[in-house]
Amino acid sequence: QPRRGGFYEGLKVHFLGDGWWEEMPLRPVLGDGGKDEEVAALALRAASRPEVRHAWRAGEGWVREEGRRLRAIGLLELRDEDAQAWTLHVHRVGGGNARCGVLHGEWVTTDGVGADALPEPFRAWLEAGSWKIESFEMNVLDDEPPRPYVRTSVLSVPDDVPPTAEAMADLVGRVVDPEVLRGLPAGLLVFALRGHDLERWEIYGEPPCSVPDIIRAIGAYSQAEALALVHPGVVQVDEGPTRRAVLVTAERDGHRVLRALALDFAPDGTVRPLGAYLQDEGEIADGWHRVAPSEPVTIDLEAVQRIPGGVIPEA
C-alpha cells in the first residue's frame, strides 16, 4: 500500500493470542485519509485488549545510513500501552521493483520505551499525539476465502517438445529468466506442457487447497505431459556464498529436476543473474505429474482471464 511519496503506510496490525492469530487491516476502519497519529492510536488501542499476547505493526520506509537513504522493512512489536515499550526489528532492502528478494545485511533488533526513542520513519507508528480512540468496530472477514484470481496464456514451443524433466526445466527457465529483471509475479506461477503448447498459469489470492493439489489439478485439466513450478529460493554452489535464486521445479513421467538461477543484487536493487544450475531430484513417488489431487479441486474457468501468450526466447 504505497503512499504517493513511496512510503509504506503500514495500515495492518497483527495480533497473537492463545490459540489464535488475527490480521487487522486498518484502512476499512479509518478510511483513506487516516493520519499517522490516528493509525498509531488505533493500533495501540487494539493491542491493549486483554486477550492479545503479542501485537506487531509491519511495513517499510526510508532510513538514513552513512548519508544515504535506504529502504528498510520494519517489524514493531507493540507492548505496554501506557509506557509504550517496544521492540523493533529492521532489515535494509534494495531499491527497484525486484520482488524475489533484495536484502542487505542482517536483521537489527533494538528495544526502547516511547516514540521519541524510535528512529524515523517508525517513530510515527507510536506517535498517537492527542488521538484517543475509545471504541471501534472490527470488520469480520468471511470464513470462506475469496476465489483466487487466475490468469492464463499459451506460448507456442517453436522447436522440439521437451522429452525430459530436465528439458522442461530449461524451457521454463528460458521463459522466466528475462522476467527476473522486472521481478517475479506475486502469485503462484505454474507451467503445463501439452504438445507444442506451453500453458502459463498465474494464480493470485487465497488458494482453495494446497499448492501441490493446485499443480496436480492444472496438470489433469490441461492433460499435461510435463509440469513446472516457479518460485523464489536460495542456492549455494561449490561451497560459495548462499545466494537468492529463482527456482524452476519440473516434473515429467514421475521424474523431477530442479533448476536454480542464482542472483546477485546491486545496492540500488538492480538484479544481476549469475547463471543457472541443474540438480536431478530423481524419481518422485508422490509428485504432481499424473497424480490425482488429495482433495477435490475445481478449476473455475469463470475466474480465469486469458492474456496474450508471447514468444518463448530461443535457447
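The values are calculated or read from the model by the stated rules, or taken from the named source; none is laboratory data. What you see is a predicted model; the values in this text were computed from it and never measured. Positions of Cβ are backbone-derived with ideal geometry, glycine not excepted, and every protein chain shown enters the neighbour counts. Keep in mind that these areas ignore ligands, DNA and RNA; they rest on the heavy atoms of the full protein, side chains included. Shrake-Rupley method; radii C 1.70, N 1.55, O 1.52, S 1.80 Å.
A compact table of results
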read-out	value
Qualifying position, being under 20 Å from TRP288 (Cα atoms) and open to solvent by 40 Å² or more (accessible area, probe 1.4 Å), among GLU166, GLU199	GLU166
Yes/no for VAL172 being within 18 Å of LEU258 (Cα to Cα), within 17 Å of the chain's Cα centre (by Cα), modelled with pLDDT of 90 or more and surrounded by 22 or more Cβ atoms within 10 Å (Cβ to Cβ)	no
Number of positions in region 23-49 that are open to solvent by 40 Å² or more (accessible area, probe 1.4 Å) and either at pLDDT 80 or above or farther than 17 Å from PHE122 by Cβ (or both)	9
Any pair with Cβ under 9 angstrom, 6 or more apart, that starts in region 157-169 at a residue that is closer than 16 Å to GLY195 by Cβ and β-branched (Val, Ile, Thr) and ends at one that is open to solvent by less than 30 Å² (accessible area, probe 1.4 Å) and part of a loop (DSSP other than H, G, I, E, B)	VAL157/GLY195; VAL157/ILE312; VAL161/GLY195
Conditions (1) crowded, with 16+ Cβ neighbours inside 10 Å; (2) part of a loop (DSSP other than H, G, I, E, B); number of the one not met by ALA192	(2)
Residue count for region 202-228, restricted to those that are closer than 15 Å to GLU166 by Cβ and buried (at least 22 other Cβ atoms within 10 Å of the Cβ)	3
